[in-house]
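Okay, so here's the structure we're looking at.
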Amino acid sequence: MKIGIGIVCIGDRYLKDFENTFKPSVVSYAQRHGYDLKIFTSHLDPEHTHPDGISFQKCLVPTAMTEYDIVLVMDADIWLSANAPALPDPNDKIGIVDEASQFSKDVYSKINFVSQPYEYYKLAGFDIKTTHILNTGFFLCRPTLHAQFLRQVYDRYIEHAAGHPRRFHYEQACIGYELQMEDVYTLLPNTWNSIYVMYSALRLPVPQVYGLHFAGMGSETREAELRNYLTAQLPQRRIRWGIRK
């Protein structure tokens, strides 16, 4: 199968952050598994260029990559591990991670800045009984099956994105709501898209993961925290004086 990775990265500040901090890991991953990588640095829909709608452009990535059997649509603030295997096949669904299941319910409830799933969607105007918050920073799709669906989601909500109080969370809520209402998603393991700020809020060490997502953090903080994470993953060696190895 022909597989591609599509990343929307619009604006000099965001592009610089991606180039310096995250791109090397993504390029390495793509080369290791024989995937193509496309970076979209301008709006795929030139008629809607409000900053609040930038993240919504990800809905149009599959339409721009119809030559691929499977496309990974990924945010520009995700680091991919050298141990990450080939992407799973989502079959006829859109593969995506439920960020609310990154921890147990008891632990998750201690993150006081994250709403419970039904409350999360309610803040964006959606009434849905769900236990999932689908994180749209990383999802797998088949353009032949899903490009039109995602384009329809974009067309339905993009006009309301500019100035919406939920800002980028509005895009995530819209896509997550539609995916669940139409039942066109399948859950991926959280290791593909682990939300770093949740571990930070709980003061928990971050385990080895395939994809580490630094959403909600400034560029300097992201770089420093990624460096700390990578340092913590280095093997610890005991040094014994007088013993040559």
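Summarised as an ellipsoid, the chain has semi-axes of 30, 22, 18 Å, derived from the eigenvalues of the Cα gyration tensor scaled by 5 and square-rooted, with the largest first. Measuring nothing but alpha carbons in the range 124-170 and taking Rh as the Kirkwood radius, the Rg to Rh ratio lands at 0.98. The phi-based Karplus calculation (6.51 cos²θ - 1.76 cosθ + 1.60; θ = phi - 60°) puts the 3J(HN,Hα) values of the range 10-27 at 10, x, 4, 5, 5, 5, 5, 4, 5, 4, 7, 10, 10, 4, x, 5, 6, 4 Hz, whole numbers, x for Gly and Pro.
Near Trp192: Cβ cut-off under 15 Å, other residues only, Lys/Arg at +1 and Asp/Glu at -1. The net charge is -4. With contributions of -39500 (n - 2.57) from each DSSP H run of at least four residues, the per-residue ellipticity at 222 nm computed over the chain stands at -9500 deg cm²/dmol. For the range 16-141, the residue among Leu37, Leu134, Phe113 whose Cα projects farthest onto the positive side of the dipole built from Cβ charges is Phe113.
Taking the square root of 5 times each eigenvalue of the Cα gyration tensor, what semi-axes in Å does the equivalent ellipsoid of the range 1-69 have, largest first? Don't skip to the answer; put the middle values down first.
On the way: eigenvalues 95, 60, 8 Å².
Ellipsoid semi-axes (Å, largest first): 22, 17, 6.
Taking a 28 Å limit on the Cα-Cα distance, which of the listed pairs Lys58/Lys129; Lys38/Lys129; Lys2/Lys93 fall beyond it? Distance filter (> 28 Å) returns Lys38/Lys129. Ranked by the mean number of other Cβ atoms within 10 Å per residue, highest first, peptides 112-120, 129-137 order as 129-137, 112-120.
Provide the packing ranking of 11-17, 74-80, 147-153, i.e. peptides ordered by the mean count of other C-beta atoms within 10 Å per residue, highest first.
Numbers: 11-17: 13.3, 74-80: 23.6, 147-153: 17.1.
Going from most to least packed, we get 74-80, 147-153, 11-17.
What is the magnitude of the charge dipole of the range 103-188 about its Cα centre, with +1 placed on the Cβ of each Lys and Arg, -1 on the Cβ of each Asp and Glu, and no other charges, expressed in debye to the nearest 20? Provide the component values of the computation, followed by the final result.
Details: 9 positive and 9 negative charges, 40 e Å.
So the dipole magnitude of the range 103-188 works out to roughly 200 debye.
Per-residue 3J(HN,Hα) values for the range 73-81, derived from phi via the Karplus relation 6.51 cos²θ - 1.76 cosθ + 1.60 with θ = phi - 60°, read 9, 9, 5, 7, 10, 10, 9, 10, 6 Hz in sequence order (x marks Gly and Pro). State the antiparallel share, in %, of DSSP beta bridges confined to the chain, rounding to the nearest 5. Of the beta bridges lying entirely in the chain, close to 40 percent run antiparallel.
Every number in this text was worked out from the coordinates using simple rules, so none of it is lab data. All figures in this text were calculated on a predicted structure; none of them were measured in a lab. Virtual Cβ from ideal backbone geometry, glycine too; neighbours counted across all protein chains shown.
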